[in-house]
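Right, one structure below, let's go through it.
The values are calculated or read from the model by the stated rules, or taken from the named source; none is laboratory data. This is a predicted model, so every value here is computed, not measured. Using ideal geometry, Cβ is built from the backbone for each residue, glycine included, and neighbour counts are taken over all protein chains shown.
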Amino acid sequence: MKIIDGKVISQQVKDEVKQKTTQLKEKTGTEVCLAVILVGSDPASQVYVRNKKKACEYVGFKSLSYELPEETTQDELLALIDKLNKDDSVHGILVQMPVPEHIDEKTVIDAISPLKDVDGFHPMNVGALCIGEKGFVSCTPAGIIQLLKRSDIEISGKECVIVGRSNIVGKPMALLMLRENATVTVAHSRTADLKSVCKRADILIAAVGKPKMITEDYVKEGAVIIDVGINRNADTGKLCGDVDYENVAPKCSAITPVPGGVGPMTIAMLMNNCLESALRKAGE
């Protein structure tokens, strides 16, 4: 059984981004720039924003950080996004979700220029993914593809089951696996006989947000398990995934741990998307 190490693979991705960032700056003078907006003081969001700043520093990006008070109005936030959309020196714009309740998330996502939407959430980028055109792909699913490919796991022709149908992971994940020639089933809370559906999977991707929901009964011998969940175990306070790791691991050929599996890839792919935006703008 192979443990897929997201820390090692995300480091490889960041090192490649760092190298290309240096080359772009030497060749065209472009300084890659990511703007991150945080509204309110959600502690988990503050940690994510800090990690994004650290990653920017590591790969050599300039990072702009806007930490706005909870009571910021939707119009004020949209005005800031509009300003950043028009700023040619900014290549990526990211609004840390969730936003406070008085702000409409969809309106915020739609306001970001698709050319700077490095999170890959804008309808135009989602549409591009649907029909196989160029656009930004949501960072977590893009990271999972890298985990599989860089671990030499064959995707083409394999049966893939994704548990979860969110716009951020489940749906784009299905499209990316189709792009890689997998046969894809998207399962969810209403799926009849979920266990037997999951048991068909050569590659099982769990993104449900329920701690240790996927037990060994859901997993066929030799399957590859990708655990997207990040949950706090109510008893121990430790992080755990959607997969019951201890009992599932012995059955699989490869598995991602939580923490240290999918998580680190999300920020690495964000850096990759931001570089991609700068390269496109520079005509590289």
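Going through ASP88, ASP75, ASP82, ASP119 one at a time, which residue ends up being in a loop (DSSP other than H, G, I, E, B), more than 21 Å from the chain's Cα centre (by Cα), charged (D, E, K, R) and modelled with pLDDT of 95 or more?
On the way: ASP75 fails: in a loop (DSSP other than H, G, I, E, B); ASP82 fails: in a loop (DSSP other than H, G, I, E, B); ASP119 fails: more than 21 Å from the chain's Cα centre (by Cα).
Of ASP88, ASP75, ASP82, ASP119, the one residue that is in a loop (DSSP other than H, G, I, E, B), more than 21 Å from the chain's Cα centre (by Cα), charged (D, E, K, R) and modelled with pLDDT of 95 or more is ASP88.
Here LYS53, LYS25, LYS14 are screened, and the one residue that is in contact with a strand residue (DSSP E or B) (Cβ under 7 Å, 6 or more places away or on another chain) and modelled with pLDDT of 95 or more is LYS53.
Return a yes/no flag: does region 244-254 have any residue that is crowded, with 24+ Cβ neighbours inside 10 Å and either touching a residue at least 60 places away in the same chain (Cβ under 8 Å) or under 13 Å from GLY164 (Cβ atoms) (or both). Scanning region 244-254 turns up no residue that is crowded, with 24+ Cβ neighbours inside 10 Å and either touching a residue at least 60 places away in the same chain (Cβ under 8 Å) or under 13 Å from GLY164 (Cβ atoms) (or both). Considering GLY237, GLY283, GLY209, the condition of being without any contact (Cβ under 8 Å) to a residue 12 or more places away in the chain, within 28 Å of ALA128 (Cα to Cα) and among the small types (Gly, Ala, Ser) is satisfied by GLY283 alone.
Only a single item in (1) assigned to a helix (DSSP H, G or I); (2) over 19 Å from CYS160 (Cα atoms); (3) of a type in the set (Val, Ile, Thr) is not met by VAL258, and it is number (1). Selection over region 10-44 of residues that are assigned by TED's automatic domain parsing to the domain that holds HIS102, touching a Leu at 6+ places or on another chain (Cβ under 6 Å) and assigned to a helix (DSSP H, G or I) gives a count of 0.
For region 186-237, which residues satisfy the criterion of being surrounded by fewer than 16 Cβ atoms within 10 Å (Cβ to Cβ), basic (Lys, Arg) and in a helix (DSSP H, G or I)? Correct list: LYS195 only. When we screen LYS18, LYS106 for residues that are basic (Lys, Arg) and surrounded by 13 or more Cβ atoms within 10 Å (Cβ to Cβ), the only hit is LYS18. In region 141-159, the count of residues that are closer than 19 Å to ILE214 by Cβ and of a type in the set (D, E, K, R) is one or more.
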